[in-house]
């Protein structure tokens, strides 16, 4: 099945939950549709990244939220898409067969309104070529489920345990920054069987149109992403690494990464892989540039592997 | 609830691999018009090569404002490798673009989107543009005039601020209209495309009313047989497109409208720019960027 081509410099090869990724870059859920969309752009290749996380998928299809769904804010953007997706059966039966698993790894992103939903979607993906399953317990843009689980460590753990029971594929718990104690949440998710943690999902926010006095975003609130949230994300990764590091649980560090330097900061804070999303909207070639920058950084410092940077923060 | 045809979308993306180009586009000329309106010519040969009426570019207006802005392509020269865009410098991004100088370079991706698809069964084409929605109409008119097929286009444009061109008296008669209503966009006269202007602002030589009222007058002047060979094409404010859709429905004429919505990726990845479109199976949310920007008017839920 998934034979990864060595298109990126060898030192960028990254081990993640027993999978070899050809780069530590992971394209984040919701930014690249179901994996093919960005290939419309000449020069963009899924082979430049270690993995692509597909759009959040639910048991039944969803139309998503009313417009506006996106809006630029200082050093970032708000989004409230509302998990528009065709439902798990269409994704597994019709979309996955069309993806080129020789180019990169594909991870699913599962979401639901109930614990049972999460388990059902996970089970559906278990019997598919998907390489890993991300559990989206932190989507801020739906009325039920998502962050209403992720903001409470006990609930997060219950969702993870229910999904764990359905699959032997690697499970990634995607954690919300919109909670009091992310360390406790990380610990309980690991104990419930998470193989990895994604830190962080978007930060909740809003924007107001002063002309018509209405919220800009149709859903009123949205998730803030982009460089504006990078310092928040970096601290959360640092905090979660204190829990996950000793347990050998890898972290996908994400939130505002647009350059190799940003990626290196996340690696030093304890991330094994780095998520890129909003940066693609700025520059569709962002991943190629980050790969090059990472390889240069390693070469200059005579390091053999990107893994030597993980958690190498000097305190 | 109906599911948008996702397999088709994936197949569409695969068929269109490497169809959108990232280019550093140099500003080669700029014309400024009243009310902060600009027509910019950018050197972007790869984009120009593939541009079609209705397609757009996603442009980074400045490094400080990294999210891109979608702008319809107004003209494209394959031979000389340029495209032209028209915009009003509303908002932070387009204000920054409006302050650009010749020689400045902008990152663009394009051409993007499914444009207008003229139907040869309906050679009478009414191209309706409102405000800064006129660019695709200009592109469509130029493209129809350059094709071997015998299209019979008329362009009708409306604006409540001064038009983004120096309107002048047309040499092409429109005998369905009072002779006083005779102003046009000179470029269209040069291409031998009849055109007339509408405004409530009292500009010289313009029809005093909405462009959709002017369009209705034109349709009224046609015979039923002529109307059966007519199609409407429109781009402009939502309220105008809604009126176009109603007009088309009233005469049982098809209409294609170009929509806009706030956009993030513009290549179909984020589903941020969706609009509600009625499919045969029920409501769908479709992406303006790659499922559109042009949709059948009768299917748009305004």
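The values are calculated or read from the model by the stated rules, or taken from the named source; none is laboratory data. Note that this is a predicted model, so its numbers are computed, not measured. No Cβ is skipped: glycine too gets one built from the backbone with ideal geometry, and neighbour counts run over all protein chains shown.
Being in contact (Cβ under 8 Å) with a residue 60 or more places away in the chain, within 15 Å of residue B:73 (Cα to Cα) and out of contact with any helix residue (DSSP H, G or I) (no Cβ under 8 Å at 6 or more places or on another chain) is true of residue B:132. Residues of region A:274-302 being more than 22 Å from the chain's Cα centre (by Cα) and buried (at least 18 other Cβ atoms within 10 Å of the Cβ), which ones? Listed by number, the residues that qualify are A:295, A:297, A:298. On the stretch given as region B:246-261, residues that are in contact with a helix residue (DSSP H, G or I) (Cβ under 6 Å, 6 or more places away or on another chain) and under 21 Å from residue B:139 (Cβ atoms) total 4. Would you mind finding the one in A:218, A:255 that is within 22 Å of residue B:271 (Cβ to Cβ) and surrounded by 24 or more Cβ atoms within 10 Å (Cβ to Cβ)? Testing whether each residue is within 22 Å of residue B:271 (Cβ to Cβ) and surrounded by 24 or more Cβ atoms within 10 Å (Cβ to Cβ) leaves just A:255.
Consider region A:255-288 and keep the residues that are within 12 Å of another protein chain (Cβ to nearest Cβ) and assigned to a helix (DSSP H, G or I). The one that is farthest from residue A:43 (Cα to Cα) is A:278. Does region B:250-261 contain any residue that is in a strand (DSSP E or B) and either within 13 Å of another protein chain (Cβ to nearest Cβ) or over 14 Å from the mean Cα position of the chain (by Cα) (or both)? No, region B:250-261 contains no residue that is in a strand (DSSP E or B) and either within 13 Å of another protein chain (Cβ to nearest Cβ) or over 14 Å from the mean Cα position of the chain (by Cα) (or both). For region A:196-215, a residue qualifies if it is free of Cβ contacts under 8 Å to residues at least 24 places away in the same chain and crowded, with 16+ Cβ neighbours inside 10 Å, and exactly one does: A:215. For region A:49-75, taking the residues that are surrounded by fewer than 24 Cβ atoms within 10 Å (Cβ to Cβ) and more than 7 Å from chain B (Cβ to nearest Cβ), the one that is nearest to residue B:264 (Cα to Cα) is identified as A:73. Which of the residues that make up region B:138-181 are surrounded by fewer than 21 Cβ atoms within 10 Å (Cβ to Cβ), in contact with a helix residue (DSSP H, G or I) (Cβ under 6 Å, 6 or more places away or on another chain) and part of a strand (DSSP E or B)? Residue satisfying the conditions is B:168 alone.
The lone criterion from (1) under 10 Å from the mean Cα position of the chain (by Cα); (2) outside the structural domain of residue B:34 (by TED's automatic domain parsing) left unmet by residue B:73 is number (2). Taken together, the criteria place residue B:102 among residues that are outside any strand (DSSP E or B), within 30 Å of residue A:283 (Cβ to Cβ), in contact (Cβ under 8 Å) with a residue 12 or more places away in the chain and more than 13 Å from the chain's Cα centre (by Cα). Residue-level check: of (1) within 14 Å of another protein chain (Cβ to nearest Cβ); (2) in contact with a strand residue (DSSP E or B) (Cβ under 7 Å, 6 or more places away or on another chain); (3) crowded, with 24+ Cβ neighbours inside 10 Å; (4) closer than 22 Å to residue A:206 by Cα, residue A:81 misses just (2).
Results for (1) more than 26 Å from residue B:264 (Cα to Cα); (2) modelled with pLDDT under 95, shown as yes or no for each residue.
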site	(1), (2)
A:169	yes, no
A:176	no, yes
A:179	yes, yes
A:192	yes, no
A:196	yes, no
A:210	no, no
A:218	no, no
A:225	no, no
A:240	yes, no
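Candidates are the residues of region B:236-249 that are within 29 Å of residue A:222 (Cβ to Cβ) and surrounded by 21 or more Cβ atoms within 10 Å (Cβ to Cβ); the one that is nearest to the other protein chains (Cβ to nearest Cβ) is B:241. Is one or more of the residues making up region B:27-35 surrounded by 15 or more Cβ atoms within 10 Å (Cβ to Cβ) and on the phi > 0 side of the Ramachandran plot? Yes, region B:27-35 contains a residue that is surrounded by 15 or more Cβ atoms within 10 Å (Cβ to Cβ) and on the phi > 0 side of the Ramachandran plot. For region B:267-279, filtering for residues that are out of contact with any strand residue (DSSP E or B) (no Cβ under 8 Å at 6 or more places or on another chain) and touching a residue at least 24 places away in the same chain (Cβ under 8 Å) leaves 1.
Against the conditions (1) surrounded by 21 or more Cβ atoms within 10 Å (Cβ to Cβ); (2) away from chain A (no Cβ under 14 Å); (3) in contact with a helix residue (DSSP H, G or I) (Cβ under 7 Å, 6 or more places away or on another chain), residue B:197 satisfies every one except (3). Filtering region B:269-283 to residues that are surrounded by fewer than 24 Cβ atoms within 10 Å (Cβ to Cβ) and facing chain A (nearest Cβ under 10 Å) leaves B:275, B:276, B:282, B:283.
The sole residue among B:83, B:109 that is in a strand (DSSP E or B), in contact (Cβ under 8 Å) with a residue 12 or more places away in the chain and touching a helix residue (DSSP H, G or I) at 6+ places or on another chain (Cβ under 7 Å) is B:83.
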